[in-house]
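Working notes for the structure below.
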Amino acid sequence: MIAEAGLGALWLAAALSLLQLVLGTAALRPGGGADPNPLLRAVRPVAVAQGVLAALSFLALIWLFLRTDLSVALVAANSHSAKPWLYKFAGAWGNHEGSMLLWVTVLAVAGGAVALFERRLRQDTLIATLAAQAAIALGFYAFLLVASNPFTRLSPVPVEGNGLNPLLQDPGLSFHPPTLYFGYVGISVAFSFAVGALITRDVGPAFARAMRPWVLAAWIFLTLGITAGSYWAYYELGWGGWWFWDPVENASLMPWLAATALLHSVTVLATRAGLRAWTIMLAVVAFSMSMIGTFLVRSGILTSVHAFAVDPLRGAFILVLLALYIGGALTLFGLRVHTVKEGSTFEIVSREAALVINNLLLSVILGLVFIGTLYPLVTQAMGEEISVGPPYFNRVAGPIALALVAVMGAGPLLRWRRDDWRELVRRYAAPVLISAAALLLLVLFAPGIGILPLLGLTIAPAIAAASVAPLWRRNLRRTPFFVWGMVIAHLGIAVSLAGMASESAFTKETLIAASPGQTTHVGPFSVRFDSVNPIAGPNWTAIEARLTVRRGDGAAFALAPQARMFSSPPTPTSEAAIRTVWDGQLYVAIGEEDEQGRWQLRLWWKPLVTLIWVGGAMIAFGGLLALLGRVRRARRGQPQEVLT
Amino acid sequence: MKRIVLWVPLFAFAVFLAVVASGLYAPADRNIESQLIGQPVPEFDLPPALTGRPGLSSAALRGGDPHLINIFASWCLPCRVEAPQLAELSRRGIPVDGIAVRDRAEDLSGFLASYGDPFRSIGADNDRRVQLTLGSAGVPETFVVDGRGVIRHQHIGAITPQDMVAIIAAYEAAR
Amino acid sequence: MRALIAAIAVAAAAPALADSLLPPAHYANTQLADPRQEREAKALMETIRCLVCQGQAVADSDAEMAGDMRALIRRRIEAGERPEEIRAWLISRYGPWVSYTPPLEPATWLLWAAPVLLIAAGLWLARGRFRHRRKG
């Protein structure tokens, strides 16, 4: 009953999106939008209703999972009555159909939110935006209903379900996909805004000011989603890695890079009326990357630990949608953007120039990740199989990212339109001195670390200082939220960079086959392996090791890593024991027993590694402050720009 | 901005579509093949996996007549599926040598007792050294090696009745 | 019903397919005594692809074969081989796919030239943006 209701709601939502598209197109015809017209006024409520219906459909799926309704094929294939309720809940999106339904729901709800809350955009651009959003939704509704129906029934009803992949039975994993999707799919709003503005030829500062909060909101979620995913991989996979340049990870990074560039570009458009074509292009690219990522993950075209059930037929369906939407948007771009009035030019030493360089470098990194991820397909077409992994990405993207961070430090210190390079040198002098000092210290006390981590550790403190420089000599209580947001977000980048470089340069590893009673060392810690005990949980059994750890002469504490075996489906996982201290993390995992009764222990001391994700959270928080500031200003009718 | 530049993104997207479509319609063979086909068998010398039967060495493969080398293990389920086919090959006079990967003698003899024993010799490869040397990426795999010790053919996966024709043909070609 | 039985059979079969009953090789999970050699070995392991995994390096994988590959790498480094020689040996067996560093060959020149090409393209696009300050 609920399943049929969910499916019905989905069909209704699809029908409404068709209606939204038709009404929007009709309202935009010459003469159709001139006078207050029932068509115009109908588009907004239809969009809201579509969002509500899609959300109801998704809630229906959640309900089916929570009740473990095994008559629904998806629940039977991906859930189990013995699972904890949190993982029944999260299991709804731990599979292709459910996550695709979440995808479409976020798309519909985002469109509904624009219809409900957007007040500043010109009427006809808003209609065009909603029509574009509806066009996208229509294709993906079709995909869902025709090729990935989450609500199909199973007959006869099985006695028990197959269970959820144990790697996904984790609180972090419950949080990561929805957060990521709010960002990844939420950026569709920017795409629709761009298409709408191209249609109504409304690319200008007012348009940018209206679009900015939506970009910010999606970007915040995307930042959080990627950060959460990285931390989850780090503690769950048992080897201490936090980024693998896996195709699916890259699929989430590419929209983030584009959205970050878009965020900055939209501010130049809002403040200085410049970078119009860039802004439109970035908005199109950001969501295009999201759609391409969705395609890569679900078509089986690239091998990945993350890939969903592989189905080339579904892949072909999505590819057709991509051709329609991205091809359509890029064609519209080619046809219309030359009619967009360009803004004033600016000097080579100016904040606009720094933002152009910022866009450039972000786009280059985006291009490199894109090419690197897809290149195996190119050589495959030529008959050769290659792999493109961390050695390539780190080597090409790393130096460019470092240059980008250096420019990020300089940008906020520059004035708009025209600044003096001697002034810049004066303002940037303190950070450069900090860099030099850091470099000296590292070369003296930590020789032998790689060139990239060395540069990272040198640049990070300098950029941290440069990030807070805009607050220098300001009345902090009168500083606008969006300035605080910028400062904290940029500081977060420096913090994250410091974490990444430190982890790369200073991690200490000890691998040992230990007998109970044996003591070993890693970094400043001495670790005594006390005992190994069997232990059981709701749907797993495990071997748990007990370790007593001391740091130098400090107090002893216990760690208990586990090697688990889940029951359905039978899968072994490693549950690492992590101890977080002020300057890093001690990470311990247990492996197998060897023939002499010794147990394999893996121990890592990772100095400052938590800064990676603390930095990520800071970036998102900075974005949140900026968003709140913008929204507050809009509500109070205050001017959006304060020339900082 | 020059007009032609505006169309570069669309063109780049078209290239992307072409690359990806080719990947979709000619999907990659997920099997990892050995690169040593056509090259001499690398030197190796494996101890016997079972008492009373010789181990396997590369020297033994240069004896003048072609051999089948079957890389298998008692813990490998598809190996059970191909046992009848291997027995049939051995019955036809094709010499079948085995490399047992990470196996214990008792498990191995149990496997052979249950599923048949077509092997003239079985080498014990307990750390996968020789499997990696030959460019084999899993079990079961079968190589056809000719009389001069040159690898002529690789079959990945269990040998099904439908594969027999190709294997026999490869063996004949290696003579 | 058939689908369910098949699913259970696959679930039961899958772990048995993957691993043997013997313990891991010695150097699969133990470090070399010489820290410099261990660093070299570790760096190599992070760039060699696991043959039986869905996209992981042998350094990060729990698969038994990945352990055997790690052991092979460590043994050879201990015996004095250089990392690039070991990489070349593996590529001679499995092709460039087994190395996460793409090869430098005509088929991949576009990949390796991409950074320079993209930066050049970006600079060319941006050149019209700037207003030049008049001299004097």
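Every number here is computed from the coordinates shown, using simple stated rules; none is lab data. Predicted model, so just to flag it, every value in this text is computed and none were measured. As a convention, Cβ positions derive from the backbone with ideal geometry for all residues, glycine included, and neighbour counts pool all protein chains shown.
Just order A:117-128, A:537-548 by mean Cβ neighbour count inside 10 Å, highest at the front, would you?
A:117-128, A:537-548
Could you work out the pair-distance distribution P(r) of the protein assembly as shown from its alpha-carbon pairs, with 20 angstrom bin width and percents rounded to whole numbers?
Whole-percent P(r) values from 0 Å outward: 12, 41, 35, 11, 1.
Scaled to the compact-protein estimate 2.2 N^0.38 Å, what is the alpha-carbon radius of gyration of the range A:296-373, rounded to two decimal places?
1.61
Where the Cα atoms of the range A:346-453 are projected onto their three principal axes, how long is each span, largest first, in whole Å?
56, 43, 14
Whole angstrom only: what separates the Cα centroid of the range B:33-79 from the Cα centroid of the range A:588-644?
Each part reduced to its Cα centre gives a spacing of 52 Å.
Amide H neighbours of B:V150 under 5 Å, counting only residues 5+ apart in sequence or on other chains, H built in-plane at 1.01 Å?
B:V41
Run the numbers on chain A and let me know its relative contact order in percent, using alpha-carbon pairs under 8 Å that are six or more apart. List each step's numbers first, then the result.
On the way: 1170 pairs, mean separation 74.8, N = 644.
For chain A, the relative contact order is 12 percent.
Given an 8 Å cut-off on Cα distances and at least 6 residues of separation, report the relative contact order of the range A:528-644 as a percent.
Result for the range A:528-644 is 13 percent.
Classify the range A:72-148: rounded, prolate or oblate, from the alpha-carbon gyration tensor (a ≥ b ≥ c, eigenvalue square roots; a/c under 1.5 rounded; otherwise prolate if a/b is larger than b/c)?
Working: a/c = 6.05, a/b = 2.24, b/c = 2.70.
Oblate shape, in that a/c is at least 1.5 and b/c is the bigger or equal ratio.
Per-residue HN-Hα couplings for the range A:448-459, Karplus 6.51 cos²θ - 1.76 cosθ + 1.60 at θ = phi - 60°, whole Hz, x for Gly and Pro?
Taking θ as phi minus 60°, the curve returns x, 8, x, 5, 5, x, 4, 4, x, 5, 6, 6 Hz for the range A:448-459.
What whole-number value in cubic angstrom gives the convex hull volume per residue for the C-alpha atoms of the range A:488-644?
178
For the range A:520-588, what number results from the quotient of the Cα radius of gyration and 2.2 N^0.38 Å?
My calculation over the Cα atoms of the range A:520-588 gives 1.26.
Using alpha-carbon positions, what is the distance between the centroids of the range A:259-318 and the range A:492-525, in Å?
36
If you take the charge dipole of the range A:476-576 about its Cα centre, with +1 on Lys and Arg Cβ and -1 on Asp and Glu Cβ, which of A:P480, A:G523, A:A542 is farthest toward its positive end?
After comparing all options, I get A:P480.
Could you bin all the Cα-Cα distances of the range A:398-513 into 5 Å bins starting at 0 and give me the percent of pairs in each, rounded to whole numbers?
With 5 Å bins starting at 0, P(r) equals 2, 11, 20, 20, 18, 12, 8, 5, 2, 1, 1, 0, 0.
Which of the trypsin sites (Lys or Arg not before Pro) found in the range B:75-155 are in a DSSP loop and have at most 16 neighbouring Cβ atoms, other than their own, within 10 Å?
Those that pass, being in a loop and sparsely packed, are B:R92, B:R120, B:R148.
Assigning unit charges at the beta carbon (Lys, Arg +1; Asp, Glu -1) and nothing else, what dipole magnitude in debye, to the nearest 20, does the protein assembly as shown show about its Cα centre? Write down the numbers at each step before the final one.
Working: 80 positive and 65 negative charges, 1104 e Å.
So the dipole magnitude of the protein assembly as shown works out to roughly 5300 debye.
Given contacts defined as C-alpha pairs under 8 Å and at least six residues apart, what's the relative contact order of the range A:350-448, whole-number percent?
With pairs under 8 Å counted, the relative contact order is 40 percent.
Through the Karplus equation 6.51 cos²θ - 1.76 cosθ + 1.60, θ set to phi - 60°, convert the phi angles of the range A:583-600 into ³J(HN,Hα) values in whole Hz; use x for Gly and Pro.
For the range A:583-600, the Karplus-derived couplings read 10, x, 9, 9, 10, 10, 10, 10, x, 9, 8, 9, 5, 9, x, 8, 10, 6 Hz, x marking Gly and Pro.
In square nanometres, what is one fourth of the surface area of the convex hull spanned by the alpha carbons of the range B:1-83?
11.5
Return the whole-Å distance between the Cα centroid of the range B:147-169 and the Cα centroid of the range A:92-121.
The distance from the Cα centre of the range B:147-169 to that of the range A:92-121 comes to 53 Å.
Charges at C-beta only: +1 for Lys and Arg, -1 for Asp and Glu. How large is the resulting dipole of the range A:554-644 about its Cα centre, in Debye rounded to 20?
Value, rounded to 20: 900 debye.
Over the Cα atoms of the range A:18-135, what is the Rg over Rh ratio if Rh follows Kirkwood?
1.17
When all alpha-carbon pairs of the range A:413-477 are counted, what percent fall beyond 16 Å?
So the pairs more than 16 Å apart make up 56 percent of the total in the range A:413-477.
Could you tell me which residue out of A:L441, A:A397, A:I451 lies farthest along the dipole of the range A:392-456 toward its positive end? Charges go on the beta carbon: Lys and Arg +1, Asp and Glu -1, centred on the Cα centre.
Going by the Cα projections, it comes out as A:A397.
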